[in-house]
Each structure stands twice: as structure tokens, then as C-alpha cells.
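Structure first, commentary second.
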Amino acid sequence: MQIWRRHHFKVITKLGIFYLFLSIGISLAATIWSLYLNSFLNSSALVGFLTSFFMVAEILAYILLIPLIEKGNKAKMLIASLVFFAISYLLFSVYSSIYLVIFLGTLISIITSLRITVFGLILRDKTKDDSVSKNEGLMYALLNSAWLIGPLVAGYFAKNYGFGSVFFLSSVFIFISLFFFKTFRIKDGRRTREIDHHRLRIVTDFFRHKGRVFTYLLNTAVNFWWAFIYIYMPIYIVDNGHSEVVVGIFLAAVTLPLVFLDYLFGRVAGKSGFKKLFFIGFISLGVLAVICFFISDLYVILGLLVLASFSLSMIEPTADAYFFDIVEKEERDKYYGIYTTSINTGNLLGSLPAAALLLFLPFNSLFIFYGLPMIVLAFLALGIEDSYEFTKAKEYKKDPEIKK
């Protein structure tokens, strides 16, 4: 305890430890979320529609909370959001009611927007300009390490002890992350001096910039893919006669490549640029998804989706870094909330149209639905420019004496 209080850890290390435990807690609940909803609704399509409703609430919250995030203490807002999450999951562990799910699910969606936005800004505020890709890669590696552990644990506990036990464990890990955050005394009281209350103008200004539009599409695509993996694949696996344990193993396996490669590709992007990584990642991801359409063997499909995570590791850890590289420091608080709506835009586009598609077409049609947009984005990626961090890295290479 005294070692922590004397700040022998770097702030990024402290954030990493905190984020690992938080991510384990979130991954535990997220692993069983679609199965939990399906236990009430008994329909993949209805799960998709309800999930889409939650996502719309979260998208609106990202926009409406911009002034609060600009003028508020980010560390305190993050703490408040963690307390809410921990208590909500405790309630889920005790009570099982569709009305409670809808009510708390909506509030969780709103608070999620606050949690994601303020943590992203805290991380950026604590990161040097030439280390953005590296630190983002590190956080994504920790995130995916959590998603390696969480699904395995969640699958085991869900099968043997029920969904309530998973929600309880999730709450415990979130409380542990809160303990670390308070113990490490992580603070971020930075506020924006001039707060823009014109939310609609902020949104329109964001999308007038070509670079910001591409970052939005980039992060949308990543979450579009994850919606497929975490909403529909668990149900598909169970519908094919397998247990929650197989779901957990698959979700852990699909995360494994990202654990080892996110940090590596984050460093590569910072030194060598984003364009090639984006193109290779998107084109290979799309092709692998389309190949799945022509295969009927479940285990071959699962293997190809695990292989697709190698492609995703070139994209996921560099998305936020690319955003922060192309926006000015004074624009971060204003535009980051808009940018992070891409998480839910991707999830929404990955859940609602797919739910409608399943009303008329077989499940394997989803592989085309999710694969083709990735191929399109691969070619759009060829039109982006080098980021600030990449340009700066080249300048350092030519002249190491250049000061920041």
C-alpha cells in the first residue's frame, strides 16, 4: 500500500492495473449478456432489437453529456460510474425480471457513455504526444487479456451456478478496480475553458472534417464486428447444441491474438504509419468472413473467426490513437464524445439490421453482411494521410535533437 502511495508506479502503469480489473468485470457480464436476455425473450431477433434500443440510448447520452464532460472532474465522474455499475450488477445477481433488465439496462447504457469517454480522456491527458499509439496499444492488450479471462470464467460459472453468479463476480471485480483507482490517487481535474453548449453544431462540425469522418468509420467497423461476435455467435453456438462453456472458450480464443498483438501493432503504427495496417487488416478480415459463408462445419467457422482476430489486431488498438493524432488538444473534450458514439453506431449497425435479416434469411447470411463492409473500408483506408504522430516519428528519425 505504501509503495503505491509513494508513486513508484508510472501513471500509465497505474491506469493499466486499474483498467485490467475493470475490463475483467465488464467482460464477465458482457459474455453472458445476450444469453441472459435470450433467457427472457427466447428469440435472437428480439435480443438484437432490445440491444439496439440500449445502444440508441447510449448514443444519445454521448452527445447530451458533452458539456458535463467538458466542465466536470473526469476522475470523479469515472468513480461515480464505477459505483453505479457495481451496484447494478449486484442487483442482477439477486433479481431476475425483464422490467429490471430494461430499466437498469437503459441506465447502464447511459452511464457507459460517461465511463468510456472520461477514461479515454484521462488516458490521453496522461500520455505524451509521441506515445499515444504505444499506450493505446497497451490498454487494448490489457483489455483483451481481460476478455481472454472473463469469458472462460463466465462460461464456467454460468453453466454450473447460473447467470446470477457471473453478475456477482462482475460486481466484485469492478469494486476491486475502484479500490485501485482510489488507492493510486489518479486525478484529472482538467476542464475546458470555453464550453460549447450547441450540441447539434458540435456534431455537424465533427463530420465536416475528412479525417475525423474516417476515424469514426474506423471505430464503427471494429464495433460492428464485435457486435457479431458477442451478440450472435454465442446464440449460434448454443443453438447448434453446445453449452455456455464452448461459448466461453470461443470468446477467449477469439481474443487471444489481440492480447499478444495489440501492443505490437500499436507501436508499429506510431513508427510506420496507419495506412498499411488499416488496409491489410480490413481486407483480410472481410475475406475471412465471406469464406465462412460457404462453410457449414461449426468448428471450421469458429477457427476462421479466431484467425480473423489477427486481422482485427491491426485495426483495433490504433483507432483511438489515430483520432487523437488528428485533433487539436483543445478539441479533445468536445469531439471525443462524438467519436465514441462510433462504438454504439457500430454495435447498432451490427445488431439491428442483422436481427431483421434473421427474420427472413438463414444465419450464414450474416457472414456476407459483416464481411463486405470490411472490404470496402480496406480501400477507403488507402486514401488517408499520415497522422501527426507518424509525421513526428519521421522527424525524430531524421533529427533526434528535435524537441517536442
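The table for this structure:
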| read-out | value |
| --- | --- |
| Cα point-scatterer Debye curve for the chain, base-10 log of I(q)/I(0) at q = 0.11 Å⁻¹ | -0.79 |
| Alpha-carbon centroid distance for the pair region 19-58 / region 84-127, whole angstrom | 12 Å |
| Stretchable slack from residue 80 to residue 330, in nm (0.36 nm times residue separation minus alpha-carbon distance) | 87.5 nm |
| Label-to-label distance, nm, for residues given as residue 291 and residue 356 (7 Å Cα→Cβ offset) | 3.1 nm |
| Longest DSSP-loop-exposure-free segment, chymotrypsin sites (Phe, Trp or Tyr not before Pro), the chain, at most 10 other Cβ within 10 Å | 1-293 |
| Across 74/126; 182/329; 14/76; 76/126, pairs whose alpha-carbon gap is larger than 18 Å | 182/329 |
| Of the DSSP H helices in the chain, those whose Cα atoms cover at least 18 Å axially and whose Kyte score averages -0.5 or more | 11-41, 44-64, 74-94, 98-125, 132-161, 163-183, 210-227, 244-272, 275-293, 298-312, 332-358, 365-381 |
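Each reported figure results from applying straightforward, stated rules to the coordinates on display, with no laboratory input. Just so we're clear, the structure is a prediction, and the values are computed from it rather than from any experiment. Backbone-built Cβ (ideal geometry, glycine too); neighbour counts: all protein chains shown.
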